[in-house]
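For reference, the structure discussed in these notes is given below.
The values are calculated or read from the model by the stated rules, or taken from the named source; none is laboratory data. Keep in mind that what you see is a predicted model, and the values were worked out from it rather than measured. Because the Cβ atoms are built from the backbone with ideal geometry, glycine has one as well, and the counts that use them run over all protein chains shown. The accessibility values were calculated without ligands, DNA or RNA, using every heavy atom of the protein model including side chains. Shrake-Rupley method; radii C 1.70, N 1.55, O 1.52, S 1.80 Å.
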Amino acid sequence: MRTFGVITRLAAALVLGAPAIAAGLYLLAAPAMAQSSVIRDIAVSGNRRVDAQTVRTYLKFNVGDAFDAGKVDQSIRALFSTGLFADVSISRTSSGVAVSVRENPVVNQVAFEGNSEVEKATLEGEVQLKPRSVYTRSKVQADVQRILDIYRRQGRFAAKVEPKLIELQDGRVNVVFEINEGGTTKVKSISFVGNRAFNDGQLRDIITTSQSGLFDFLKGTNIYDPDRLSLDRELLRQYYLKNGYADVRVVSANAELDRDGSGFFITFVVEEGPLFKFGAVNIESKLGGVNIPALQGEVLTQAGALFDLSALDKTTEKLTLAVSEQGVAFARVRPQTTRDPSGQAINITYLIDEGPKVYIERINVSGNQRTQDYVIRREFRLAEGDAYNPLMVERAKKRLQSLGFFKTVDVKRRQGGAQDRVVLDVDLIEQSTGELSFGAGYSTAEGVIGDISLTERNLLGKGQFVRLRLAGSAERVQIDLSFTEPRFLDRNIAAGFDIFHKGTTKSATQPFATMKTGGSLRLGFPLAENFWLSTSYTLSYDVIKDVDFNNASRAIVEAANLNGGKTITSSTGLGLTYDARNHPNTPTRGFFLTAGVDLAGLGGDVNYVRTNAEARGYYPVTEKITFVTRAAAGHIMGWGGDDVRLLDLFQKGGETVRGFGQSGYGPRDTVVQTAAATFNPDGTPLAAAQYGYGSGSALGGTTYWTTTAELRFPIPLIPDELGISGAVFADAGSLFGAGATAKVFNNQCGLATPNGQTGVCLADNASIRASVGASLLWNSPLGPLRLDIAKALKKEVEDKTQLVRFGASTKF
């Protein structure tokens with residue numbers, strides 16, 4: 001028992017003394033543990049190009065620091081982020097830390113295989129990997145995506161890119177991008193949902209994307225481009241807002257790729273809303289010194305007219321400028337609208353109040369690699385030091401977009417050097433402005449026709465327009481070179497010149513050939529909204545040659561003999577145009593007016609005054625049926641004792657009154673040739689072949705008029721996306737007044753022929769020609785085409801008729 005008690009007391013003492021013993025042992029071991037956790041050395045291995053000390057600079061710990069697992073992890077991430085290393089490991093050693101790295105190889109060469117549609121230089125400029133750069137997996141993956149983006153911008157969404165690595169000595173590699181370009185992914189169809197006011201064909205004319213079809217080689221807009229699709233949404237919205245639909249919403253623009261990846265189906269969903277008109281329009285001002293009556297002439301939004309957001313925006317801009325010209329600084333014009341749901345009208349009040357007093361410190365332009373700075377800056381009606389006006393800046397942005405030089409335009413505002421100063425940053429992405437187009441077709445008037453043109457809309461980055469065009473057929477060849485400076489002398493004046501050459505050969509209606517070579521200078525500028533004034537001067541050298549004396553009338557022979565058939569024409573022209581149509585190609589509402597006068601004789605061999613006028617009207621009968629009217633007239637007269645030359649007379653036919661051939665009606669030589677010879681008044685024989693009596697040649701007239709009434713409609717069972725529609729029409733017109741030609745023939749009228757018959761010398765009267773018919777219209781990739789089938793109801797015996805006419809559409 002005593003022994004057990006001793007053992008018990010000893011055990012209790014050990015238990016009670018354990019914490020003290022443990023504490024003593026920890027105090028003895030603490031210096032040794034602290035000494036082992038301090039980093040005494042950092043060893044770097046595996047590096048060949050990168051210096052060890054460079055590796056150490058990226059570490060988050062140093063010699064003498066305590067070992068910290070968190071800092072080790074940060075160091076590994078920092079070394080990886082340099083892009084220099086393919087692998088990094090950090091481990092603890094007895095003396096400190098060991099850093100082991102495996103360097104990324106250096107690129108020796110970058111190659112591309114399989115690229116035929118995209119040039120090597122384009123791909124090299126896009127990828128990040130370059131010779132002597134460090135290869136990383138992230139870089140090569142990014143380059144693959146960049147290459148795919150290039151192909152997608154060209155419509156090749158099926159393209160595939162596979163990078164291959166060829167290892168060389170000394171840590172170098174060759175990178176090869178193996179490219180499978182795939183086929184072009186085109187737009188197979190464009191459809192619209194919810195459109196009632198405008199059919200699918202009209203809306204396709206508004207957007208920039210086009211459908212794939214038989215004439216894909218003529219255009220490049222049938223390739224799917226997401227950026228272009230975003231632009232198309234805005235174009236559709238703006239078009240509806242311009243034509244009275246104030247509540248329009250383009251809900252979506254979806255592009256679905258078909259299963260084989262060969263094409264996209266694009267669908268625009270539109271909510272049109274009701275049609276609105278402008279109600280009451282007023283101007284109010286909260287500022288003193290504003291002359292409101294003087295501002296009324298700047299208002300483009302007229303009560304009763306269809307709502308037009310563009311007219312509202314332009315009025316706001318014009319009023320802002322007009323108020324500033326009255327000396328009222330920092331004025332702001334805000335259009336306030338109230339709706340009249342019952343009358344479907346929008347009342348407008350232009351409120352003039354004071355805007356923030358902020359000045360423009362600087363305008364920075366970037367992204368214009370080709371377009372000159374001044375071309376961009378002139379679209380701003382503001383300059384450094386002017387009062388800042390957000391409306392004017394937004395209008396400048398829209399003007400830049402409408403130039404068509406830039407894919408995107410972004411104008412950002414940021415704080416300037418002072419509280420009342422702002423800096424405008426204009427960021428641009430340019431797009432191609434050159435275009436090569438060509439086409440071929442058939443016309444019943446000329447047979448096979450062809451056309452090729454080269455156009456540049458931003459010549460040398462100066463915003464200038466130039467076009468070289470060659471067109472022709474078996475009977476005609478024409479070459480034109482046109483140049484236009486849209487902002488002549490930095491004003492809103494379009495100036496330019498044209499150089500032309502046109503030659504025609506002999507034909508069934510023209511027993512001679514002609515040549516016309518010359519040039520013209522022109523100026524044009526807007527007088528008001530939609531109202532344009534143009535002036536021109538033209539100098540041309542005209543020749544009649546290769547006369548078929550067996551079939552030419554005496555007037556033609558005399559014209560060919562006058563001055564050897566060669567004349568110089570010097571003329572000046574003045575024209576006025578007013579265009580208020582709702583669509584540039586297929587209008588359904590509005591009207592178009594044009595009138596012009598040409599005066600020849602200020603120099604040259606020819607003296608005449610020529611006037612032309614034309615009016616067109618478009619009236620919607622239903623949502624898809626349009627009634628079209630057209631009236632045109634012209635007159636030419638000599639002056640200074642001169643008569644009008646044969647070549648200057650008007651020639652009219654099926655282009656004005658369908659159902660008639662080319663030069664099919666009007667004054668005509670109708671002498672009936674019944675013998676081999678006729679006789680002069682003195683009885684001497686005159687060979688018929690010398691003057692060709694009985695040729696039936698069209699001579700032309702000094703006066704014409706023409707009218708048209710046409711009803712256009714969709715054709716049942718033909719999908720709208722084909723762009724085909726129908727029409728029925730009635731035409732009427734007349735051409736008369738052969739002028740000097742009549743004198744030539746009247747001197748020979750009534751001559752006896754050997755068999756005693758008398759020929760009729762000249763058919764020239766003002767009788768009405770009229771026709772009715774039906775048309776098939778096609779808005780083709782080559783331009784508007786139409787097939788007309790017409791029956792002449794009123795005609796003269798000598799007229800030339802034509803049942804079917806096919807060719808370019810008459811744009812009315």
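Over the stretch 113-244, with every protein chain in place, what whole percent of the accessible area is carbon and sulfur at 1.4 Å, could you tell me?
Answer for the stretch 113-244 is 46 percent, counting heavy atoms of protein chains only.
Please state the shape class of the stretch 94-212: rounded when a/c is under 1.5, otherwise prolate if a/b exceeds b/c and oblate if not, all from the C-alpha gyration tensor.
Verdict is prolate for the stretch 94-212.
Can you give me the long-range amide H partners of Val127? Hydrogens built in the peptide plane at 1.01 Å from N, cutoff under 5 Å, separation of 5 or more residues or another chain.
none
With a probe of 1.4 Å, find how much accessible area the stretch 201-333 has per residue, and write the answer as a whole number in Å².
46 Å²
Applying 1/(1 + (r/R0)^6) with R0 = 51 Å to the Cβ-Cβ distance of Leu470 and Asn180, what FRET efficiency is obtained, to the nearest 0.05?
Given R0 = 51 Å and the Cβ-Cβ separation, E is 0.85.
Could you please state how large a percent of the accessible area of the stretch 459-516 is carbon and sulfur, counting protein chains only and using a 1.4 Å probe?
64 percent
For Val358, which sequence-distant residues (separation of 5 or more, or a different chain) have an amide H within less than 5 Å of its own amide H, given hydrogens modelled in the peptide plane?
Residues meeting the amide H criterion: Tyr388.
For Thr93 and Ser402, compute 0.36 nm times the residue count separating them, minus their Cα-Cα distance, and round to one decimal in nm.
104.3 nm
Classify the stretch 560-671 as rounded, prolate or oblate from the Cα gyration tensor: take a ≥ b ≥ c as the square roots of its eigenvalues, call it rounded if a/c is under 1.5, otherwise prolate when a/b beats b/c and oblate if not.
oblate
With a 1.4 Å probe and all protein chains left in place, how much accessible area per residue does the stretch 121-186 have, in Å²?
Averaged over the residues of the stretch 121-186, the accessible area is 55 Å².
Can you compute the FRET efficiency between Arg48 and Phe806 using 1/(1 + (r/R0)^6), with r the Cβ-Cβ distance and R0 = 56 Å? Round to the nearest 0.05.
That pair, Arg48 with Phe806, gives E of 0.15.
Could you do me a favour and compute the accessible area per residue for the stretch 474-540, 1.4 Å probe, result in Å²?
54 Å²
Suppose each label sits 7 Å from its Cα in the direction of the beta carbon; what would the Arg413-Phe497 distance come out to in nanometres?
So the two model labels end up 4.5 nm from each other.
Specify whether the C-alpha gyration tensor of the stretch 221-321 places it in the rounded, prolate or oblate class, a ≥ b ≥ c being the square roots of the eigenvalues: rounded for a/c under 1.5, otherwise prolate if a/b is larger than b/c and oblate if not.
Since a/c reaches 1.5 and a/b is larger than b/c, the shape of the stretch 221-321 is classed as prolate.
Quickly work out the Gln369-to-Glu167 label distance, labels modelled 7 Å from Cα along the C-beta direction, and quote it in nm with one decimal.
My value for the distance between the label points is 3.7 nm.
State the percentage of accessible surface on the stretch 308-412 attributable to carbon and sulfur atoms; use a 1.4 Å probe and exclude ligands, DNA and RNA.
That fraction is 47 percent.
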